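K.L.:
Sharing a structure below in structure tokens format, with a few things to ask.
The values are calculated or read from the model by the stated rules, or taken from the named source; none is laboratory data. Values in this document were obtained by computation on a predicted structure and should not be read as measured data. All Cβ positions, glycine included, derive from the backbone under ideal geometry; neighbour counts span all protein chains shown.
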Amino acid sequence: MHPILFKIGSLEMASYGLMTALAYMTASFYLFRRLHFIKLDKDTFWNIIFIAFVAALAGSKLLFLIVSWQELGADFSQRIIFALKNFRYGFVFLGGAVTAVIALIYYIKKKKLPLLQTADFFVVGLPLGHAIGRIGCFLAGCCFGKPTQMPWGVSFTHPHSLVPEHLHHTPLHPTQLYEVGANLILFFILQYYYKKPHKNGGVFAAYVIGYCTIRFCIEFFRGDFRGDYVWGLSPSQLICVIAVVCVAAVWRFLKKEKKHG
């Protein structure tokens, strides 16, 4: 694909970084235009966006390092050098989602905002941004799929692609595009659900269940290193299972909440 969009001297514009920035901008703009749905001032809105960005960046990189640590080099120093040298690549979305949720719960509680209503509002924009970000993954060649004989298999040939060289010219499942499409569908479902009368926290719960289902299924088609498997499941699949169980555990509480909308 096109991991480098253009190069001016020693300056390179990576497609992954550009699409990630575009993803955050698009999701933020979408939500900002809909602030009238929730009682939230602009300063607080942008604070939440900033906290989510920083926490997600840190958490997604941390989980990548944890899962892939043994694959990054022969010893500690090699692994650290690899991580720093390739900092712009190697992020696990679920790790970022967990840390962002924890950080935002703390901030929202500190500001004495309604937690569930605020979560419902912000989560609608998440799959929209995620879909755009996955286009960046596709262009860079990260998060690639397993070899396939399906007619829609995609072959990566660019020498700077993150797909291993031995898989170049081999048709692979375009798992990045699978997730783009699934996230867009989830976005439209959440957008529709949010506009309807709903129980506080219901939209957030729908997102967790929806995305975890998407990710759990797509993991079976991923061809990149997935970490050590437990009970036949990858670390990402285990996180999905735990997340869905947690949402199900608090569902009885959500059912008692007054409807919002």
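K.L.:
If we scan the range 174-192, do we find a residue that is in a strand (DSSP E or B) and surrounded by 15 or more Cβ atoms within 10 Å (Cβ to Cβ)?
P.N.:
No, the conditions are met nowhere in the range 174-192.
K.L.:
If a residue has to be in contact (Cβ under 8 Å) with a residue 40 or more places away in the chain, of a type in the set (Phe, Trp, Tyr) and out of contact with any strand residue (DSSP E or B) (no Cβ under 9 Å at 6 or more places or on another chain) to count, how many in the range 159-215 make the cut?
P.N.:
Number of matching residues: 5.
K.L.:
Let me ask you something else. Out of the residues in the range 112-155 that are β-branched (Val, Ile, Thr) and touching a Pro at 6+ places or on another chain (Cβ under 7 Å), which is surrounded by the most Cβ atoms within 10 Å (Cβ to Cβ)?
P.N.:
Val154
K.L.:
Checking Tyr30 against (1) at pLDDT 80 or above; (2) surrounded by fewer than 15 Cβ atoms within 10 Å (Cβ to Cβ); (3) within 25 Å of the chain's Cα centre (by Cα), which single condition isn't satisfied?
P.N.:
(2)
K.L.:
Suppose the filter is at pLDDT 85 or above, small (Gly, Ala, Ser), buried (at least 17 other Cβ atoms within 10 Å of the Cβ) and over 24 Å from Gly141 (Cβ atoms); does Gly202 pass it?
P.N.:
yes
K.L.:
Among what's in the range 1-27 and is under 26 Å from Lys196 (Cα atoms) and not hydrophobic (A, V, I, L, M, F, W, C), pick the residue that is modelled with the highest pLDDT.
P.N.:
Thr26
K.L.:
Something else: Does Cys212 meet the test of being at pLDDT 90 or above, outside any loop (DSSP other than H, G, I, E, B) and in contact with a Cys (Cβ under 7 Å, 6 or more places away or on another chain)?
P.N.:
Against the criterion (at pLDDT 90 or above, outside any loop (DSSP other than H, G, I, E, B) and in contact with a Cys (Cβ under 7 Å, 6 or more places away or on another chain)), Cys212 qualifies.
K.L.:
Further, regarding this structure: Give me a count of the residues in the range 14-63 that are in contact with a Lys or Arg (Cβ under 6 Å, 6 or more places away or on another chain) and free of Cβ contacts under 8 Å to residues at least 60 places away in the same chain.
P.N.:
Residues meeting the conditions: 0.
K.L.:
From the list Pro164, Pro197, exactly one residue is surrounded by fewer than 16 Cβ atoms within 10 Å (Cβ to Cβ), of a type outside the set (Gly, Ala, Ser) and closer than 13 Å to Asp120 by Cβ. Which is it?
P.N.:
None of the other options fit; the residue is Pro197.
K.L.:
The conditions are (1) modelled with pLDDT of 75 or more; (2) in contact with a Phe, Trp or Tyr (Cβ under 6 Å, 6 or more places away or on another chain), and Gly73 fails exactly one of them. Which is it?
P.N.:
(1)
K.L.:
Could you please let me know if Pro171 is within 16 Å of Ala97 (Cβ to Cβ), in contact with a Phe, Trp or Tyr (Cβ under 9 Å, 6 or more places away or on another chain) and not aliphatic (A, V, I, L, M)?
P.N.:
No.
K.L.:
Would you mind finding the one in Ile108, Ile48, Ile66 that is modelled with pLDDT of 90 or more and under 20 Å from the mean Cα position of the chain (by Cα)?
P.N.:
None of the other options fit; the residue is Ile48.
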